[in-house]
Amino acid sequence: MDISKFLSVLFLLCSLCLECNNVVVKASHKVYPEFQSLSAVEVKQIHRTRFHFQPPKHWMNDPNGPMYFNGLYHFFYQYNPKGAVWGNIVWAHSVSKDLINWEALEPIIYPTKPFDKNGCWSGSATILPGNKPIILYTGIDTQNQQVQNYAIPKNYSDPYLREWVKPNKNNPIMVADEIVNGSAFRDPTTAWFGKDGHWRILVGSRRKNRGIAHLYKSKDFVNWVKAKHPLHSKAKTGMWECPDFYPVSLSGKNGLDTSLVGPNLKHVFKVSLDVTRSDYYTVGKYHTQIDRYVPDNTSVDGWDGLRYDYGNFYASKSFFDAGKKRRILWGWANESDSTKNDVEKGWAGIQAIPRIVWLDSSGKQVLQWSVEELETLRGNKVHINNQQVKKGEHVEIKGITAAQVDVEVTFLLPKSLDNAEEFDASWVNARDLCGLKGSKVQGGVGPFGLLTLASSHLEEYTPVFFRVFKAPKKHVVLMCSDARSSSLMDGLYKPSFAGFVDVDLTDRKLSLRSLIDHSVVESFGAGGKTCILSRVYPTLAVYNDAHLYAFNNGTESITIENVNAWSMNSPRMN
Ligand code: DQQ
């Protein structure tokens, strides 16, 4: 067998194997004919989140076309109006003044035309000159081919942009040419405007196992021509869904308009890898003269690369908020329970809290943090400082509603890290390492962190924690969010999600923030360097029976320099 054939077979085996491992991670296009139009009889409340975005019932997946327009945030999303599994997908629509309180409006795009009769899939919004929003989305046409279409508001002066039209003239505006696979051609990005007077967008694709971001150019936004070369592609990464491409400033937290180019910025290129169902990004340089993106060689471009989030977080999309000059990232947090559970619950899917995203001062990765508006929901507060947590101890953080809380902790490490465990160079996969060294496996410096959504006798708990290792050059910090003990319920996907944290420990501090909301624990390590979102379904640790603890299972004592925890109020949610 020649080497390329061998690699293809290997890739296929790996893909299949990942799919088996992720057996209950729901793929977004799996059709359940028996359930897809089964309307919810009752919406079960027990695991419903309160401050994470979700519709009142049924299935939701990707965030679509988020934008800030005339003082309002618009959020569209892939939605099944008829049932709690993927299918019958439309673009549902909600609006908000603060990204936290949401009002649901009628869906804006649903299958009606030959160019989207079999589906209205993901896409993005662009605000054209003259303050005119336009949406590009993927339609599944009568031949079951993926094509790109556009939609525009019916009435630009309606502040809510309630109705949109899909003109017959010119739609579809992009169809797969002879070298593009029409069943792998989707999810157009927000457009950016080049100095040559052309708009540009990307469409996700693949050729065999090579992931591709096709570049299209247009002068008038209606006639689009595919560029000779993709903006970027990478062998052995499979289908690229929902690409996203934007500039980030070399300094400060401010976001940049998608069209900005120049000396003081880098670009971020993100793809959602269909095979692994995670969102990977690189930081790099956009060579405008040749329309190519080249990742810096500071991280891997592929399966082992940086992820926005090492947990349930997929099909994300960012937009530039021109009002507050920030780039905001939305990501879909899918369920980890079974399809049967979703049908019984009458709902499936939430969105992660919208996050601002900016470049770390190292220039090697991005940082993420929840939008500041979330803090308006903070209610009753408890504060602890300077408390030592010795080997084997756990300390309860009392006085808050532990099932619905925002908690921030700064841990102070021991003066000497000599007793940290030795790092074995073969531990390349953070998730495997977390599986091996869970929160109960005693270490030297760590594991220490939070036990979230814990029942009173720890029959159920989701630990979010750090473990520090000694390595020849630098310490290695592992962050885990481990769902293995999260629920007594059977038939759940309970992964031990993990990522490494590239952090300097000279000040001996490590911070952790978790947004806990009934069936989600969304955590930010070291100020947003490593993020992990876990979906969990406790049976005992619910409502007032949920507890929150800080713990340490390392031989070395850890000091809690600070804990601030706030019970979170519930916003208006659709
Ligand atoms: N979901 C959409 C597709 C996209 C996928 C369909 C990603 O457009 O590729 O619901 O989750």
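Quick rundown of the values:
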item: Rounded to 10°, Cα long-axis angle of helix 3-21 versus longest principal axis of the chain; result: 60
item: Ranking by accessible area, most exposed first, for M573, M239 with a 1.4 Å probe; result: M573, M239
item: Heavy-atom accessible area per residue - the stretch 436-546, 1.4 Å, Å²; result: 31
item: Length added when fully stretched, D504-L128, from 0.36 nm per residue minus Cα-Cα; result: 131.1 nm
item: Charge dipole (debye, nearest 20) of the stretch 377-568; +1 at Cβ of Lys and Arg, -1 at Cβ of Asp and Glu; result: 280
item: Theoretical gain in end-to-end length, L38 to A104 [0.36 nm per residue, Cα-Cα removed]; result: 21.6 nm
item: FRET efficiency for D296 and K415, using Cβ-Cβ distance with R0 set to 35 Å, rounded to 0.05; result: 0.50
item: Surface/4 of the Cα convex hull for the chain, nm²; result: 25.6
item: Distance in nm between pseudo-label sites at K195 and V31 (7 Å out along the Cβ direction from Cα); result: 4.9
item: Neighbour count of at most 11 Cβ within 10 Å plus DSSP loop: longest GluC sites (Glu not before Pro)-free window in the chain; result: 179-574
item: Additional length obtainable on full extension of the chain from K154 to L458, 0.36 nm per residue less Cα span; result: 103.9 nm
item: ³J(HN,Hα) computed for each position of the stretch 400-409 - Karplus, 6.51 cos²θ - 1.76 cosθ + 1.60, integer Hz, glycine/proline x; result: 10, 7, 5, 8, 8, 8, 10, 10, 10, 10
item: Top positive-direction residue, dipole computed over the stretch 165-272 with Cβ charges, set N223, V165, M239; result: M239
item: Mean ellipticity per residue at 222 nm, deg cm²/dmol - from DSSP H runs of n ≥ 4 across the chain, formula -39500 (n - 2.57); result: -1500 deg cm²/dmol
item: Computed label-point distance, nm, for sites K340 and V175 using a 7 Å Cα→Cβ extension; result: 4.5
item: Dipole magnitude of the stretch 96-244, debye to nearest 20 (Cβ charges: Lys/Arg +1, Asp/Glu -1, about Cα centre); result: 640
item: Dipole magnitude of the chain, debye to nearest 20 (Cβ charges: Lys/Arg +1, Asp/Glu -1, about Cα centre); result: 1180
item: Sequence of R378, R467 from largest to smallest accessible area, 1.4 Å probe; result: R378, R467
item: Accessible area of the chain belonging to carbon and sulfur atoms, whole % at 1.4 Å probe; result: 52
item: Leading residue at positive end of dipole, the stretch 377-568 (Cβ point charges), from H518, L540, A565; result: A565
item: Dipole of the chain, positive end: most advanced residue of L250, G435, L377 [Cβ charges, Cα centre]; result: L250
item: Sum of side-chain charges, K217 neighbourhood, beta-carbon under 13 Å (Lys, Arg +1; Asp, Glu -1); result: +2
item: Calculated SAXS-style log₁₀ I(q)/I(0) at q = 0.26 Å⁻¹ - the stretch 466-506, Debye, Cα scatterers; result: -0.86
item: FRET E, pair H287, V441, Förster distance 60 Å, beta-carbon r, rounded to 0.05; result: 0.80
item: Rough spin-label spacing in nm, given labels placed 7 Å along Cα→Cβ, for S361 and R210; result: 4.1
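The values are calculated or read from the model by the stated rules, or taken from the named source; none is laboratory data. Note that the structure is a prediction, hence the values are computed from the model and not measured. Glycine gets a Cβ as well: all are built from the backbone with ideal geometry, and neighbour counts include every protein chain shown. Quick note on the areas: whole protein, heavy atoms, side chains included, nothing else; ligands and nucleic acids left out. Shrake-Rupley method; radii C 1.70, N 1.55, O 1.52, S 1.80 Å.
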